[in-house]
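Here's the structure we're looking at; comments come further down.
None of the figures in this text is laboratory data; all of them are computed from the coordinates on show. If you're wondering where the values come from, they're calculated on a predicted model, not measured in any experiment. Here the Cβ positions follow ideal geometry from the backbone for every residue, glycine too, while neighbour counts run over all protein chains shown.
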Amino acid sequence: MKEECKKRMHINKITEKIKELYLYLPAWLIVLAAVLCIAVGILIGNGINKSDDSVKPEETITLDRDAGSTTKPKIDKTQWNLILVNQWNLIPEDYEAKVTYLDNGHAIDERAYSDLMDMLDDCRDEGLEPVICSSYRSMEKQKELFSNKIDEYISYGYSEQEAEEKAGQLVAVPGTSEHQLGLALDIVDISNQTLDESQENTDVQKWLMNNSWRYGFILRYPTDKSKITGISYEPWHYRYVGKKAAKEIYDAQICLEEYLNS
């Protein structure tokens, strides 16, 4: 009996201890949970601060040129559609034009062919009649055109040096013509095929000036950019630069030289 009583007393003591433990257990859990939350919050906060303060070397940042950012990504001037050719930048010696011929015998770089066809088709859908009067030229053809223009000015009484300078303002010196790239076209209205400033008043030119950028083309020699391009205003000369560049150039109302130096 004594042994049994001792066992019962021992069990009762254990039971009382368990009851006491249950009474205090919720408070300990709350304290422990609070400590854990604080610790986790500190660790997460440190992680966020570190990720905000630095960019991993392997990460790249893409900037949108249309987003109004003051920092613009560099333009890859080596792209085939952005090659700059003017009196200060000769055609690369190893350049070889890869052209596709049109039904009328004219030719353009094969990579711009599809966009050109879309532009001309859409222009015609508006009831207009654009006519390509000049496109890709070989070095020999460019030399012939330049020489003819020099002779024309000489016939007007200019000296040979003066005639050459004048000719260079209207016809690119061989090796400096975009036509030799296969990326330039002279397009006129069927109702006026004269290459002078009267072109800007034709319906075809009005449409092209407002829409050519949608197809990757720009008016290469605007009226107010002659000092930069080195070529007088030509409201018929269009250059393929690709849709992205054409839109940016059109929106900013700049010429190719300005775009490549921006």
### Query
At a Förster radius of 41 Å, what calculated FRET efficiency corresponds to the Cβ-Cβ distance of S159 and N104, to the nearest 0.05?
0.60
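Fewest Cβ neighbours within 10 Å first, please rank V99, V173, V241 accordingly. Write out the running numbers ahead of the final one.
Numbers: V99 19, V173 16, V241 25.
Neighbour counts put them in this order, fewest first: V173, V99, V241.
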### Message
If R₀ is 30 angstrom, what is the calculated FRET efficiency for the pair K206 and A252, using the beta carbon separation as r and rounding to 0.05?
### Response
0.90
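Is region 149-210 rounded, prolate or oblate when judged by the Cα gyration tensor, a ≥ b ≥ c being the square roots of its eigenvalues, rounded requiring a/c under 1.5 and prolate requiring a/b larger than b/c?
Verdict is oblate for region 149-210.
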### Message
I'd like the FRET efficiency for L84 and I190, computed as 1/(1 + (r/R0)^6) with the beta carbon distance as r and R0 of 30 Å, rounded to 0.05.
### Response
0.40
### Task
Step through the table entries K225/K247; K98/K244; K74/K98; K77/K149; K166/K206; K98/K225, compare each Cα-Cα distance with 25 Å, and write down the pairs that go over it.
K74/K98; K77/K149; K166/K206; K98/K225
